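Engineer: If you scroll down you'll find the structure; I have some questions about it.
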Amino acid sequence: MTADMTEPLRPVPDEDGAPFFEYAARGELRVQTCAGCGEPRFPPRPCCPHCQSFDSRWTKTSGRGRIWSYVLPHPPLLPAYAAQAPYNVILVELAETPRIRLVGNLVASAGAALNSVDPARIRIGAPVRAVFHPLPDGPTVVRWLLERP
Ligand SMILES: [Zn+2]
């Protein structure tokens, strides 16, 4: 396989986080949820911080949320990212579990470049939905589209 040099930094799933990426590869955004008390948690980890249970399940979400915050990274950046600046990194508050916020990129389509959305169009509170992008030699990552582009 050929390395995708447009995004050299990519997630390296560990044992706890692997299901997140396995579901993403199937087009599902799921959140680890305590099987004892029902509390969702992110990032995935072995033990519930609320009730200390080690039992968990993966709850399917709608994949919808809203932009809670965002940044436009500025230099110094790694060369592959500097070539794409200005691009965005958004923090998405999930609709069903607003205490969980996921870091990602707002893009024009699942496989579009990181700079495919004009930063002037990004608004805190804007509704977004998850899309799934299989990296050429890595896991499937979750990205975000504006609900009303
Ligand atoms: Zn619990």
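Engineer: Quick one: how many residues across the range 87-117 are within 20 Å of Trp68 (Cβ to Cβ) and in a loop (DSSP other than H, G, I, E, B)?
Structural biologist: 12
Engineer: Could you check the range 19-61 and list, in sequence order, the residues that are within 16 Å of the ligand (Cβ to nearest atom), touching a residue at least 24 places away in the same chain (Cβ under 8 Å) and assigned to a loop (DSSP other than H, G, I, E, B)?
Structural biologist: Result: Arg41, Phe42, Pro43, Pro44, Arg45, Pro46.
Engineer: Could you look through the range 132-143, keep only residues that are in contact (Cβ under 8 Å) with a residue 60 or more places away in the chain and not in a loop (DSSP other than H, G, I, E, B), and pick out the one that is surrounded by the fewest Cβ atoms within 10 Å (Cβ to Cβ)?
Structural biologist: Within the range 132-143, the match that is surrounded by the fewest Cβ atoms within 10 Å (Cβ to Cβ) is Pro134.
Engineer: From the list Arg64, Arg121, which residue is farther than 23 Å from Leu9 by Cα and either buried (at least 18 other Cβ atoms within 10 Å of the Cβ) or over 16 Å from the mean Cα position of the chain (by Cα) (or both)?
Structural biologist: None of the others qualify; the one that does is Arg121.
Engineer: Next up: Only one of (1) surrounded by 14 or more Cβ atoms within 10 Å (Cβ to Cβ); (2) away from the ligand (no atom under 16 Å from the Cβ); (3) more than 19 Å from Ala110 (Cβ to Cβ); (4) among the acidic types (Asp, Glu) fails for Glu7. Which number is that?
Structural biologist: Among (1) surrounded by 14 or more Cβ atoms within 10 Å (Cβ to Cβ); (2) away from the ligand (no atom under 16 Å from the Cβ); (3) more than 19 Å from Ala110 (Cβ to Cβ); (4) among the acidic types (Asp, Glu), the lone unmet condition for Glu7 is (3).
No value in this document is a laboratory result; all are computed from the given coordinates. Everything numeric here is computed off the predicted structure, so don't read it as measured data. Cβ atoms come from the backbone with ideal geometry, glycine included; neighbour counts cover every protein chain shown.
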